[in-house]
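In what follows, a single structure is set out as structure tokens and then discussed.
The values are calculated or read from the model by the stated rules, or taken from the named source; none is laboratory data. The model shown is predicted, which means the values in this text are computed figures rather than measured ones. Here the Cβ positions follow ideal geometry from the backbone for every residue, glycine too, while neighbour counts run over all protein chains shown. Remember, those area values only see protein heavy atoms, side chains included, never the ligands or the DNA or RNA. Shrake-Rupley method; radii C 1.70, N 1.55, O 1.52, S 1.80 Å.
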Amino acid sequence: FAHSRGVLHRDLKPENVMLGPHHEVYVLDWGLAKVLDREEPPAGAVDPSASPRATQGGHIKGTPLYMSPEQARGEVSDLGPEADVYALGMILHELIYLTPARTGATMIETIRAAERNARVAPPAELDSSPELRAIAVKATASEPQQRYQSPDELARELRRVLREGSPVAQFLAA
């Protein structure tokens, strides 16, 4: 809905997504949201002493464990819905494998990993669904145009796989 109104969240992470009592999804903490096609005021610097799980509000906005490469590089004017799709893919990885897809001992190290789209390999013992892995890989592709172009497209693919077992194997090699 937010994307259809030209708004990016820019800080999607497990802590900002909740399920309600009737399985409705609530997206929380819109403090870093950006209205597309609107200039932003200048931002401050990144806090290098912060935890990699902490939200950054400086030039690089978001949480490094979940941010897209273009977001980590500070390409604020180029961000589109694909940046939020990337974060959803990182959350999906964490749901499937019970561990974040990216690691970093410091904030700066984690941002550098995000810039390179560096991710850890999923734990082999939990790698039971090549279709779900393929969806996570496509959602977190390095280039925005290679990702799902909207959360709706990602959701349709997830529903298809969960209901029908539809393969998206072309993205396993990525």
Go through (1) modelled with pLDDT of 90 or more; (2) open to solvent by 30 Å² or more (accessible area, probe 1.4 Å); (3) part of a helix (DSSP H, G or I) and name the single condition ILE111 misses. (2)
Residue count, the stretch 31-58 (criterion: surrounded by 13 or more Cβ atoms within 10 Å (Cβ to Cβ), at pLDDT 65 or above and either aromatic (Phe, Trp, Tyr) or more than 17 Å from the chain's Cα centre (by Cα) (or both)): 2
One residue is enough: does the stretch 130-138 have a residue meeting the conditions in a helix (DSSP H, G or I), touching a residue at least 40 places away in the same chain (Cβ under 8 Å) and of a type in the set (D, E, K, R)? yes
Out of curiosity, is PRO21 over 27 Å from THR99 (Cβ atoms) and modelled with pLDDT of 90 or more? yes
Residues in the stretch 139-155 that are assigned to a helix (DSSP H, G or I) and either of a type in the set (Asp, Glu) or open to solvent by 50 Å² or more (accessible area, probe 1.4 Å) (or both): how many? 4
Filter the stretch 68-101 down to the residues that are assigned to a loop (DSSP other than H, G, I, E, B) and at pLDDT 95 or above and list them by number. SER68
What number goes with the only condition from (1) part of a helix (DSSP H, G or I); (2) within 19 Å of LYS13 (Cβ to Cβ); (3) not hydroxyl-bearing (Ser, Thr, Tyr) that LEU162 does not pass? (2)
